[in-house]
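The values are calculated or read from the model by the stated rules, or taken from the named source; none is laboratory data. Remember, it's a predicted structure, so these values are computed and weren't measured experimentally. Positions of Cβ are backbone-derived with ideal geometry, glycine not excepted, and every protein chain shown enters the neighbour counts. Just so you know, the surface numbers come from the protein's heavy atoms only, side chains and all, with ligands and any DNA or RNA stripped out. Shrake-Rupley method; radii C 1.70, N 1.55, O 1.52, S 1.80 Å.
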Amino acid sequence: MFLFRPLAALLALLLTAAVFADTVVVTADRMVDVISGRVVEHPVVTILDGRITAVTTHAGAVAAGVRHIDLPGQTLLPGFIDMHVHLTSDPALGGYRGLEFTDNFWTVVGVANARKTLDAGFTTVRNVGSSNFDDVALKQAIEAGYVPGPRIVPATYAIGATGGHCDATEFPPSVQVPSPGIANGPLEIRAVVRKLRKYGAEVIKFCGTGGVFSKTDTVAGQQYSLAEMQALVDEAHMLGLRVAVHAHGAAGIKDAIRAGVDTIEHASLADSEAIELAKQHGTYFSMDVYDDDYILAEGERNGTFKESLEKERKLGLLQRQNFRAAHTAGVNMIFGTDGGVYPNGDNAKQFVTMVQWGMTPMQAIRAATVTAAEALGRPADVGAIEVGRYGDLIGVQGDPLSDVARLQHVSFVMKGGVVVKGTAAQ
């Protein structure tokens, strides 16, 4: 037996080294615990093979051989989740300017925007509308390691009615634009849901009312009947997919809630009845309250249609007032920015607007983390620094709870235990 002891010791050493090789420990001055809503001093977060295995406080030196990343002066937070982005869009190419580029140009735009979004601390996004299945292509490229970017939950094409917000309404009849997401009536709508899922959709997004950037409709006008919405939601839920609805107008918002949608996008003109319905049904509101500043400041320069700018002038303040009303009433609020309507990568600017219109910094952060993960249907994977979830961490200098604008300057980003911005492993 004695002769085998050196071999056993060597084997144990090799096994320990193998474990340490896949383990990383992150320490910082403080951590925002979004589940409890409190700040933890001197956190120690241990990550093995991309998943968090322990969350403690300083209890001595980190074991020798373990990769250690220390972030002095910084606050740790979970990687943020933006529930409403369009990575393959660029707001500077508004109106008809986008027609100057080939179809696949937008995939390349998405590659650049994915990197900007990840560097801004958003490690998960829900891409709720793109052409040519570009968001699926981008997701596949990120997961295969070809390009850096956040975890993407793709919707592929947004579904909509003929002539509605999700249709191409800026051209004469002689110009036909392929529109795989256009469907009318319950049977057509069910078929399109199945087709989009077949080609990679992990969430279904549809247009229930008009919108700002569609040229010829009204923002408030409802574009699908209750029966059509019910068919869409029923089909998506049967297939295990959650449903997001683009809805500005109160009537469309209310019918979408009655139909069982999971999230209302924009919710700009939600009235008291819509707010009460959302509370009763547990429906989430994703309200892009920062956009108004950017659209009105830069829209004309970007080539945005004059009709769209006029709609936004009438809508922006009302949306912010209704954001405050919905939050005050206790509606489930999630963080969604409509990235692509403003420059992707500036996602964190919305935190300030959310605080200005009624949220505390902690509430705004929770909307972009633990609450968003619940709405996404992935609370075991993302949205908190908790054992079992992905090692998606970000670091900011100082205390973002005393100055939420600090979240616009993320100095450290880790996705799945891999540092993608900031301090290298020590």
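For residue 312, state whether it is open to solvent by less than 20 Å² (accessible area, probe 1.4 Å), not in a helix (DSSP H, G or I) and not basic (Lys, Arg).
Working: open to solvent by less than 20 Å² (accessible area, probe 1.4 Å): yes; not in a helix (DSSP H, G or I): no; not basic (Lys, Arg): yes.
Taking the combined requirement at face value, the residue does not satisfy it.
Scanning the range 270-285 for residues that are acidic (Asp, Glu) and crowded, with 18+ Cβ neighbours inside 10 Å turns up nothing. Checked against (1) open to solvent by less than 50 Å² (accessible area, probe 1.4 Å); (2) touching a strand residue (DSSP E or B) at 6+ places or on another chain (Cβ under 7 Å), residue 57 meets all criteria but (1).
Which residues, taken from the range 286-298, are open to solvent by 20 Å² or more (accessible area, probe 1.4 Å) and more than 26 Å from residue 257 (Cβ to Cβ)? Answer for the range 286-298, where residues must be open to solvent by 20 Å² or more (accessible area, probe 1.4 Å) and more than 26 Å from residue 257 (Cβ to Cβ): 293, 294, 296, 297, 298. Tell me, yes or no, whether the range 71-80 has at least one residue that is over 22 Å from the mean Cα position of the chain (by Cα) and either open to solvent by 30 Å² or more (accessible area, probe 1.4 Å) or among the charged types (D, E, K, R) (or both). Yes, there is a match, as at least one residue in the range 71-80 is over 22 Å from the mean Cα position of the chain (by Cα) and either open to solvent by 30 Å² or more (accessible area, probe 1.4 Å) or among the charged types (D, E, K, R) (or both).
If the condition is being open to solvent by less than 60 Å² (accessible area, probe 1.4 Å) and assigned to a strand (DSSP E or B), then the range 391-426 contributes 393, 394, 395, 396, 410, 411, 412, 413, 414, 415, 419, 420.
Evaluate the following for residue 76: is it of a type in the set (A, V, I, L, M, F, W, C) and at pLDDT 95 or above?
For residue 76, the condition - of a type in the set (A, V, I, L, M, F, W, C) and at pLDDT 95 or above - is met.
Filtering the range 247-269 to residues that are surrounded by fewer than 24 Cβ atoms within 10 Å (Cβ to Cβ) and in contact with an Asp or Glu (Cβ under 9 Å, 6 or more places away or on another chain) leaves 250, 254, 259, 260. Reported count of residues in the range 379-390, each being touching a residue at least 24 places away in the same chain (Cβ under 8 Å), open to solvent by 40 Å² or more (accessible area, probe 1.4 Å) and assigned to a loop (DSSP other than H, G, I, E, B), is 2.
Does residue 373 satisfy the criteria of being among the small types (Gly, Ala, Ser) and in contact with a helix residue (DSSP H, G or I) (Cβ under 9 Å, 6 or more places away or on another chain)? So residue 373 does not fit the description; no.
Within the range 368-376, is even one residue of a type in the set (Asp, Glu) and either in contact with a Ser or Thr (Cβ under 8 Å, 6 or more places away or on another chain) or under 23 Å from residue 23 (Cα atoms) (or both)?
No, that holds for no residue.
Scanning the range 299-307 for any residue that is more than 27 Å from residue 227 (Cβ to Cβ), of a type in the set (S, T, N, Q) and either surrounded by fewer than 23 Cβ atoms within 10 Å (Cβ to Cβ) or out of contact with any strand residue (DSSP E or B) (no Cβ under 7 Å at 6 or more places or on another chain) (or both) turns up at least one such residue.
Quick grid of which residues meet (1) among the aliphatic types (A, V, I, L, M); (2) over 30 Å from residue 379 (Cα atoms); (3) in a helix (DSSP H, G or I); (4) open to solvent by less than 30 Å² (accessible area, probe 1.4 Å):
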| position | (1), (2), (3), (4) |
| --- | --- |
| 124 | no, no, no, yes |
| 142 | yes, no, yes, yes |
| 153 | yes, no, no, yes |
| 164 | no, yes, no, yes |
| 170 | no, yes, no, no |
| 175 | yes, yes, no, no |
